[in-house]
1. Quick one: which residues, 5 or more positions from Leu103 or on another chain, have an amide H under 5 Å from its amide H? H modelled 1.01 Å from N in the peptide plane, none for Pro or chain starts.
2. Starting with the highest mean, order 60-66, 71-77 by the number of other Cβ atoms within 10 Å, averaged over the residues of each peptide.
3. Just order 148-157, 24-33 by mean Cβ neighbour count inside 10 Å, highest at the front, would you?
4. Stretched out fully, how many nm does the piece from Asp129 to Ser97 gain, at 0.36 nm a residue minus the Cα gap?
5. Only Cα pairs under 8 Å and at least 6 apart count here; give the relative contact order of the range 41-153 as a rounded whole percent.
6. Could you give the length gained on full extension between Thr87 and Val198, defined as 0.36 nm per residue of separation minus the Cα-Cα distance, in nm?
7. Per-residue counts of other Cβ atoms within 10 Å, averaged by peptide: what ranking do you get for 111-117, 195-201, highest first?
8. Based on the Cβ-Cβ distance of Thr34 and Leu228, what FRET efficiency does E = 1/(1 + (r/R0)^6) give at R0 = 22 Å, to the nearest 0.05?
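A short reminder: the numbers here are calculations on the coordinates, not readings from a lab. All figures in this text were calculated on a predicted structure; none of them were measured in a lab. Heads up, the Cβs are rebuilt from the backbone with ideal geometry, glycines too, and the neighbour counts pull from every protein chain shown.
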Amino acid sequence: MLVYLLSILSLSFAQTTQPPLQNLFTISASQSVTFRSTLAQVQISIRVEVDLDPTNPKSTPDSCATDAQNGAATRSAAVVAILQNPTYNVSTLETASVSLQALNNWNSGSSVFYGYAATNSISFRVPIDETGTLLSALLNAGATSIDSTTFVADDETIEAAAHLALRQAAVKAADRALITLNAIGQTALHYHNIDTDVSCPGGNPVPLPFATGGAMAAMTMATPMPVLGDEQSCTATVSLTIDIGTGRFIKPTNRLP
């Protein structure tokens, strides 16, 4: 008799501790917010090439390497001095790469040495409205190529756009959920889960139409080239998983377009 009563009590306890049945469905919404880029991420190079002079007995491979490095150092110092000038609002100034390369010609399948090239690449950020004037000054000071230009935005602009996109996506998802529930005669008990995702991609490389290499070594820019930033966007996606209780069953992954 005692064993029978304990079995009944154990069964009753097991039944009452089972979690209540949940009917869940998920609905998502996305929203994009555009903003203007505010900064130009630029990489420039200073390249100095010194060729071996067969008519000069003092011209040797070692002297070519030394002269190329010294020439690149002199030009780089002039370029960096401009970048560090408080007239320009330059940030994240850093050396991207330094190289010394032997120059060879291929003739009848064999390599013939003819000189050395020293290259110093520098990257930095500058407000877009200052970019054209600064690039003109850098080319006149000794920069020989503009390798890449990427338009980006400052952190405050990106963060504001991300927050606005997230708020608008959340409102849109909640509105869709309310419309759907009203249409099928259901009432939301509570949000079972909320997932969010925000994507704010950086700028894409935008090549500027400047000459490169030796053609630019003797080039000066009297008139700054106008540089205009592009439009970018942050996209937020909010997914709401809603518990509608034990009423009519809703497919858990129901999504509106």
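1. Distant-sequence amide H within range of Leu103: Tyr114, Gly115, Tyr116, Ala117.
2. 71-77, 60-66
3. The packing order, highest mean first, is 24-33, 148-157.
4. Between Asp129 and Ser97, full extension yields an extra 8.9 nm.
5. Result for the range 41-153 is 45 percent.
6. 36.3 nm
7. With the highest mean Cβ count within 10 Å placed first, the list reads 111-117, 195-201.
8. In this case the efficiency is close to 0.90.
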